[in-house]
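Taking it in order: structure first as structure tokens, then the write-up.
The values are calculated or read from the model by the stated rules, or taken from the named source; none is laboratory data. Worth saying up front: this structure is predicted, and the values here are computed from it rather than measured. Note that each Cβ is placed from the backbone with ideal geometry, even for glycine, and that neighbours are counted across all protein chains shown. Heads up: the accessible areas ignore ligands, DNA and RNA and are worked out on the full protein's heavy atoms, side chains in. Shrake-Rupley method; radii C 1.70, N 1.55, O 1.52, S 1.80 Å.
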Amino acid sequence: MPSPTGDLSSSSSQYFSIIDYAVFGGMLMFSAAIGVYFAFFAKRKQNTTNEYLMGSKSLGIFPISMSLIASYISGISLLGIPAEMYSFGSQYWIVIISEALVSLTMAVAFIPVFYGLNITSSYEYLRLRFNQPVRLMGSIIFMIKMMLYIPNVIYMPALAFNQVTGINIHYITPVVCLVCIFYTTLGGLKAVVWTDTLQTVLMFLGVIVVMVLGTIQVGGVGVVIERTTKGDRLEFFNFDPDPTARHTVWTLTFGNYFNWLAACAVNQAMVQRCLAMPSVKQANKAILILTFGILSIVSMCCYTGLVVFAAFHDCDPITRKLVGKSDQILPYYVTQISKYVPGLPGLFVAGVFSAALSSMSTGLNSITAVFYEDFVKPSVKKPWSEAKASFVMKVVVVIVGTVCVGNVFLVEKLGAIIQVVKSLSGITAGALLGTFSMGLFFPWINSAGALAGGISSILLVSWISFGTQLNIAAGRITFPKKPLSVEGCSAAELAGLNLNQTIFYSATQTDQEVFYLFRISYLWYTVIGVSTALSVALVVSFATGANKPSDMDPRLLSPVIRRFITFNSKCDNEQAIELQKAQEKLLSKT
């Protein structure tokens with residue numbers, strides 16, 4: 001163990017030892033073994049759609065809770081959040097406020113409706129509430145969202161692996177993803193959930209070990225606070241009302257609330273796990289555990305970022321060109337302290353890859369569920385056998401997984417990973433959340449309004465998001481970073497570095513000639529999308545003949561809204577028939 005003032009500024013590269021490769025390889029082997037077990041040795045084989053997609057609703061609270069946590073905590077969080085703290089300061093930390101509120105909203109207003117309808121795909125709700133075209137719109141938007149998200153999830157751990165081993169990301173990415181595709185294809189939801197459980201434990205273990213060892217290395221929590229305060233990294237109460245400000249109290253609480261609500265409450269990847277629980281009560285318990293898990297891991301990632309800054313407060317490796325991107329700062333730090341702890345790089349990379357594999361497997365499984373339930377089943381005249389349906393779903397997993405791996409090579413051309421991911425997710429998040437909100441909370445909106453609102457939302461936010469990314473790529477939009485210093489570096493460490501070309505204070509401001517909406521904070525994208533969807537939907541609905549709330553089937557509305565409406569004794573016949581079919585379908589499976 002190094003002394004509290006141990007020097008971490010060495011530029012020597014640290015590579016995996018045999019112990020590190022054993023730890024990392026063990027994680028991959030255990031993950032693959034879980035898929036093999038549920039495919040060939042478990043009592044219930046993965047040869048029916050209900051077993052493959054829903055685990056026969058026999059999974060317990062613990063594995064589902066761990067799977068929910070793993071679905072959210074990807075490598076983007078484990079590497080991107082510390083990099084955010086290092087480069088921009090601690091303002092992002094207050095994001096946990098909105099994420100806690102979302103879990104409450106999800107349990108009270110969303111899950112009871114989905115669970116009561118006995119559905120497999122959350123987008124089945126859109127058909128019951130509106131019609132088939134609206135359902136297909138929602139399903140397509142979701143699949144686009146996941147196809148944009150999964151490559152980012154894969155890229156982050158590959159970046160970490162490259163930093164600690166020197167192996168090219170283009171080599172490691174296909175190998176690791178092949179393992180993920182393998183166990184997801186064979187084992188279905190149960191394999192995904194139980195590998196998520198294993199991987200969640202590794203995630204927490206990796207973060208905790210780095211956080212504790214890092215704190216000890218710099219001299220304790222007090223030193224971390226002292227150095228981050230002097231380095232202008234501690235910031236929590238930026239109340240700037242300017243919508244173009246990147247991170248403020250308003251963007252991280254109000255703006256991110258809608259972003260995270262879309263990611264949880266109406267996301268098939270999350271909803272599918274909640275619906276796999278035996279009862280709504282148990283689903284809500286899993287959501288409660290999810291809340292505490294997220295608060296814990298996000299807070300630890302934020303603090304770890306501050307620890308890394310405290311270690312490099314006067315000899316920044318980014319300025320010294322030892323780190324190519326800020327997202328690699330945590331892996332680089334691990335290589336510097338690993339000389340004192342054998343096996344640490346292996347544990348760290350196993351934890352980061354565990355986060356990525358869990359998010360990828362969740363995405364693949366949920367895309368498969370949506371594709372089969374929303375596209376395949378409605379299009380076939382004669383129901384397929386369970387064996388044929390199971391085979392088709394496994395083929396879908398392989399195809400989608402392969403496409404996502406190919407898209408990884410585009411991700412490395414983009415900027416700061418946290419912003420990129422939330423910018424791209426904002427394109428679809430607003431439209432999805434807006435469409436579901438129409439059905440659950442606005443009984444006046446009809447199918448024509450829902451379709452018009454959803455399409456308008458995704459077109460507007462796509463234009464804003466891509467316009468912003470193009471301006472960032474062109475250098476017309478940049479973001480002020482916190483100061484970096486090399487004052488404590490030795491002459492040898494600065495040898496060959498042209499200080500006149502080094503940017504110590506990246507306080508570049510946005511070009512005011514850039515169109516205003518392109519300068520707005522990425523955390524407002526979902527709010528803009530939801531507002532657009534609802535506004536257009538209400539206008540179109542009243543123009544084409546709005547629904548009468550009293551004629552609605554109460555089961556299609558959120559419990560929050562039901563109490564304010566006096567319903568007729570009989571619901572609409574067509575809706576009643578559709579609901580009955582959905583419930584009979586699940587009962588026949590179970």
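Go through (1) under 34 Å from the mean Cα position of the chain (by Cα); (2) crowded, with 17+ Cβ neighbours inside 10 Å; (3) modelled with pLDDT under 80 one by one and return the number of the condition Asn471 breaks. It fails just one condition, (3). Annotation note: Cβ proximity below 8 Å between a residue of segment 547-576 that is modelled with pLDDT of 55 or more and buried (at least 16 other Cβ atoms within 10 Å of the Cβ) and a residue that is among the acidic types (Asp, Glu) and part of a loop (DSSP other than H, G, I, E, B) (sequence gap 6+ or interchain) occurs for Met552/Asp572; Asp553/Asp572. For the residues Ile119, Ile144, Ile167, the requirement of being open to solvent by 50 Å² or more (accessible area, probe 1.4 Å), modelled with pLDDT under 85 and either touching an Asp or Glu at 6+ places or on another chain (Cβ under 7 Å) or outside any helix (DSSP H, G or I) (or both) singles out Ile167.
Thr368 - would you say it is open to solvent by less than 10 Å² (accessible area, probe 1.4 Å), β-branched (Val, Ile, Thr), in a helix (DSSP H, G or I) and modelled with pLDDT under 80? Step through it out loud before you land on a result.
Numbers: open to solvent by less than 10 Å² (accessible area, probe 1.4 Å): yes; β-branched (Val, Ile, Thr): yes; in a helix (DSSP H, G or I): yes; modelled with pLDDT under 80: no.
No.
Within segment 74-111, the residues that satisfy the criterion of being over 15 Å from Ile287 (Cβ atoms) and of a type in the set (A, V, I, L, M, F, W, C) are Ile76, Leu78, Leu79, Ile81, Ala83, Met85, Phe88, Trp93, Ile94, Val95, Ile96, Ile97.
Being touching a helix residue (DSSP H, G or I) at 6+ places or on another chain (Cβ under 7 Å), at pLDDT 80 or above and open to solvent by 10 Å² or more (accessible area, probe 1.4 Å) is the requirement here; does Met137 meet it? Walk me through how you get there before you give the answer.
Details: touching a helix residue (DSSP H, G or I) at 6+ places or on another chain (Cβ under 7 Å): yes; at pLDDT 80 or above: yes; open to solvent by 10 Å² or more (accessible area, probe 1.4 Å): yes.
Judged against the criteria, Met137 is a match.
Hey, any hits in segment 233-250 for a residue that's acidic (Asp, Glu) and within 17 Å of the chain's Cα centre (by Cα)? Please lay out each step first, then the result.
Initial filter on segment 233-250 (acidic (Asp, Glu)): 235, 240, 242.
Going one step further and asking which of them are within 17 Å of the chain's Cα centre (by Cα), we end up with none.
Looking for residues that are acidic (Asp, Glu) and within 17 Å of the chain's Cα centre (by Cα), one finds none in segment 233-250, hence no.
Look at Val175 and say whether it is modelled with pLDDT of 80 or more, farther than 27 Å from Tyr525 by Cα and in a helix (DSSP H, G or I). So Val175 fits the description; yes. Applying the criterion of being surrounded by fewer than 16 Cβ atoms within 10 Å (Cβ to Cβ) and in a loop (DSSP other than H, G, I, E, B) to the residues of segment 214-233, the residue that is modelled with the lowest pLDDT is Asp232. Restricting attention to segment 171-213 and to residues that are touching a residue at least 40 places away in the same chain (Cβ under 8 Å) and open to solvent by 50 Å² or more (accessible area, probe 1.4 Å), the residue that is farthest from Lys325 (Cα to Cα) turns out to be Trp194.
Would you confirm whether any residue within segment 253-263 is out of contact with any Gly (no Cβ under 8 Å at 6 or more places or on another chain), at pLDDT below 85 and either open to solvent by less than 50 Å² (accessible area, probe 1.4 Å) or closer than 29 Å to Phe348 by Cα (or both)? Checked segment 253-263: at least one residue is out of contact with any Gly (no Cβ under 8 Å at 6 or more places or on another chain), at pLDDT below 85 and either open to solvent by less than 50 Å² (accessible area, probe 1.4 Å) or closer than 29 Å to Phe348 by Cα (or both).
Among the candidates Asn168, Asn131, single out the residue that is touching a residue at least 60 places away in the same chain (Cβ under 8 Å) and not hydrophobic (A, V, I, L, M, F, W, C).
Working: Asn168 fails: touching a residue at least 60 places away in the same chain (Cβ under 8 Å).
Sole residue among the options that is touching a residue at least 60 places away in the same chain (Cβ under 8 Å) and not hydrophobic (A, V, I, L, M, F, W, C): Asn131.
Given the criteria among the hydrophobic types (A, V, I, L, M, F, W, C) and in contact with a Lys or Arg (Cβ under 8 Å, 6 or more places away or on another chain), does Met66 qualify?
Numbers: among the hydrophobic types (A, V, I, L, M, F, W, C): yes; in contact with a Lys or Arg (Cβ under 8 Å, 6 or more places away or on another chain): no.
It is false that Met66 is among the hydrophobic types (A, V, I, L, M, F, W, C) and in contact with a Lys or Arg (Cβ under 8 Å, 6 or more places away or on another chain).
The residues in segment 306-363 that are open to solvent by 10 Å² or more (accessible area, probe 1.4 Å), among the polar types (S, T, N, Q) and either in contact with a Cys (Cβ under 7 Å, 6 or more places away or on another chain) or not in a helix (DSSP H, G or I) (or both) can be counted, and the count is 0.
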